[in-house]
Every structure is written in C-alpha cells, then in structure tokens.
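First comes the structure, then the notes that go with it.
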Amino acid sequence: MPLPPGVVLRPIQPRDDAGLAAIARQVQAEFGAGSASDPEVDAMQRFYSRPRSAYFVVEREGRLGGGAGVAPLLGGTDRVCDLRKFYLLPAVRGIGLGQALLDQCLLSARGFGYGQCYVEVLDRMSEAQRLLESNSFQLLQAPMGYGELRGSNTWYLRSL
C-alpha cells in the first residue's frame, strides 16, 4: 500500500529524538500509561542503532507523526524480537501509517534473522489490537521476556 501524499517513512535520525520523546509522552498520557521515567524515550536513535534493532519514523508535511521499532526481546531468545515504542499522534491515525510502520518493522525483523515478533499493548489500545490481529498476531495468555510496558495486560506474537 503506497503512502499518502506528503508522507515520508524513514529510519530515525538523531534530530528526531526530542520530537519522538514528546510524541511518546503524549500518546502514553492519552492511554493512561503513566509517566514512568524511560531513558530509551529520550535517546531513541542511540538505542535503536544497537545490533538487530531498527526504528522508523513517519513525517507528514515535514512534521513528525510517530514511529515504531524492533529490538531483541529482553529476557527472550535470540529468535524473538520485540515490536517497541509504536506511537502515532491522533492526527495521523487512520490513514495507513500504522500499517506502513508495522510492515517496515516486520521486514527489518526478518532481515535481522528473527523468527517471531512479540508485542505488548494496553487493553485500551483497541485500534492497535485490531491492527495486530489483522496482521496475523496471535493473542497470548501471558507475557514473554521481561515485560517492560507498565500496565500492559495484552500480549501478542506472530511468526515471521
């Protein structure tokens, strides 16, 4: 599916860190995820430049609209990645950007040699759950790895 006019999907750059941190905090607050300190949010480009990790952002008309990434699942096997820090501002939801980010993340995960992709979401994130379920993610009964998303009670896994 092609991106809408005026939209760019690209790898994260250092200049994106402050804007993404603001987006992350806004979306976390929207879904009641709390305001726990998360050093990763303030240094996304550095965190996702680690091996077998990648983060992508979407811009609409030159303004950051959100992003998503993959990284090794902490406490998991080397065959399982974690779909992480998937944030979209309300103004850019519903136009296919979530699907575009998910597709790019899964493509990268396959390229890194992962066999499965795990993700945690809050139960209030119904749009995210629909996106995951429509992309062959299967609901799990319990979390995998160390489970970093505070308040997360919905977990998914899919084969790559």
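Summary of values
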quantity	calculated
Å² per residue, accessible surface of the stretch 9-160 at 1.4 Å	49 Å²
Net dipole in debye of the chain [+1 Lys, Arg Cβ; -1 Asp, Glu Cβ; about Cα centre; nearest 20]	240 debye
14 Å beta-carbon shell around V58, net charge (K/R +1, D/E -1)	+1
Most mobile listed residue (R84, R25, R130) in the chain, GNM with C-alpha springs under 10 Å	R130
Solvent-accessible surface ranking, highest first, for F47, F56 at 1.4 angstrom	F47, F56
11 Å beta-carbon shell around V92, net charge (K/R +1, D/E -1)	+1
Prolate/oblate/rounded call for the stretch 1-150, Cα gyration tensor, a/c under 1.5 rounded	rounded
For the stretch 83-118 versus the stretch 1-59, the gap between their alpha-carbon centres in whole angstrom	11 Å
Cα gyration tensor shape for the stretch 28-73, rounded if a/c is under 1.5, else prolate or oblate	oblate
Order of exposure, largest accessible area first, which applies to L74, L102, L160 with probe 1.4 Å	L74, L160, L102
Cβ-based net charge around L102, under 14 Å, with every Lys or Arg adding one and every Asp or Glu removing one	+2
Rounded if a/c under 1.5, otherwise prolate or oblate - the stretch 93-160, Cα gyration tensor axes	oblate
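The values are calculated or read from the model by the stated rules, or taken from the named source; none is laboratory data. Every value quoted in this text rests on a predicted model; they were computed, and no experiment measured them. No Cβ is skipped: glycine too gets one built from the backbone with ideal geometry, and neighbour counts run over all protein chains shown. For the accessible areas, the whole protein counts, side chains as well, though only heavy atoms, and no ligand, DNA or RNA atoms are used. Shrake-Rupley method; radii C 1.70, N 1.55, O 1.52, S 1.80 Å.
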